[in-house]
Amino acid sequence: MKDTAKHQGLRNQLVSTLEQKGITDRAVLDAIKKIPRHLFLNSSFEDYAYQDKAFPIGAGQTISQPYTVAFQSQLLEVKKEHKILEIGTGSGYQTAVLCMLGAKVYSIERQNELFKQTSNLFPKLNIRPKHLSFGDGYKGLPSYAPFDSIIVTAGAPFIPQPLMAQLKIGGRLVIPLGEDVQIMTLLIRKNETQFEKHEFGEFRFVPLLEDKN
Ligand code: SAH
């Protein structure tokens, strides 16, 4: 597992591309500058890893496009020590970005193959999420709730009620909503019963599926 000057150069170019596309959060851009995305992909994709594209990661799933990772991370407004729940660990790349931002990350994956593969990868890269779980993200992680923020990295047909319930007051839930195309949606919890909703345009994700596999 090598990270070379060539990879670093490609990452710097990727960060310029993300800035041109409108990402402004310095901490998010710096995290992307540091994390070796090529090591989250099968080695056959090594030459493409720093293109702003999604790629297959096994079990019919994809690593999110860097722009999408940056956009969702920016919407979370991560502060150091924030307790963040991620639904859809997948390759672990988004998890790594959140860890690099100083968050305590709890992540759930429903595909056992990916859960095992990614759980093994993190220690090799010295990335230490707080908790990795194999299960159904529709249910959240009630035993670790409440969370400062929650990020869903698969397309959800609706907002799972347990996720709203597991958010702190003032907390942020970032979730792509829709079936074929998703609208990036931010919910901010105002009090026990009220959430403020903001929408940010179209994205495309693999679907959020029920149960585990
Ligand atoms: N953050 C990941 C995105 C992977 S794609 C990355 O950048 O690599 C979305 C992931 O969500 C897939 O791995 C998929 O298996 C997972 N997923 C889909 N439905 C889920 C659910 N209900 N609970 C947990 N994970 C789920």
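The values are calculated or read from the model by the stated rules, or taken from the named source; none is laboratory data. The shown structure was predicted, so the numbers you read here are calculated from the model rather than taken from an experiment. Glycine also receives a Cβ, built like all others from the backbone with ideal geometry; neighbour counts cover every protein chain displayed. These area figures cover heavy atoms from the full protein model, side chains too; ligands, DNA and RNA do not enter into them. Shrake-Rupley method; radii C 1.70, N 1.55, O 1.52, S 1.80 Å.
Quick look at the values:
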quantity	calculated
Net length gained if the chain between Gln51 and Asn126 were fully extended (0.36 nm per residue, minus Cα distance)	24.6 nm
Residues Arg26 and Lys80, FRET efficiency given R0 of 22 Å [Cβ-Cβ distance, rounded to 0.05]	0.95
Calculated P(r) of the chain - Cα pairs past 26 Å, %	28 percent
Per residue, in Å², the accessible surface of the chain once ligands and nucleic acids are set aside, probe 1.4 Å	47 Å²
Peptide ranges 171-182, 80-91 listed from the most packed, as the mean C-beta count within 10 angstrom indicates	80-91, 171-182
Segments 10-18, 39-47 sorted - mean Cβ within 10 Å per residue, highest first	10-18, 39-47
Of all accessible heavy-atom area on segment 171-213, the percent that carbon and sulfur account for (1.4 Å)	44 percent
Length-normalised contact order for the chain - Cα pairs under 8 Å, 6+ apart - percent	15 percent
Student exercise, the chain dipole from Lys, Arg, Asp, Glu Cβ charges, in Debye to nearest 20	740 debye
Surface accessible to a 1.4 Å probe, Lys168 within the full protein complex, Å²	70 Å²
Contour excess over end-to-end distance, with Cα ends at Leu209 and Glu179 and 0.36 nm allotted per residue	9.7 nm
Residue-span extension gain [Phe200 to Glu19] - 0.36 nm each, minus C-alpha spacing	63.4 nm
Hz values of 3J(HN,Hα) by residue in segment 98-108 - Karplus curve (6.51, -1.76, 1.60), Gly and Pro given as x	5, 4, 5, 7, x, 7, 8, 9, 10, 10, 10
Cβ-derived FRET efficiency at R0 35 Å, Ser44 paired with Tyr144, nearest 0.05	0.45
Too-long pairs where the Cα-Cα distance tops 25 Å, listed order kept, from Lys116/Lys197; Lys139/Lys190; Lys33/Lys130; Lys21/Lys83; Lys34/Lys83	Lys116/Lys197; Lys21/Lys83
Where labels lie 7 Å past Cα in the beta-carbon direction, separation of Ile169 and Asn112 in nm	4.3 nm
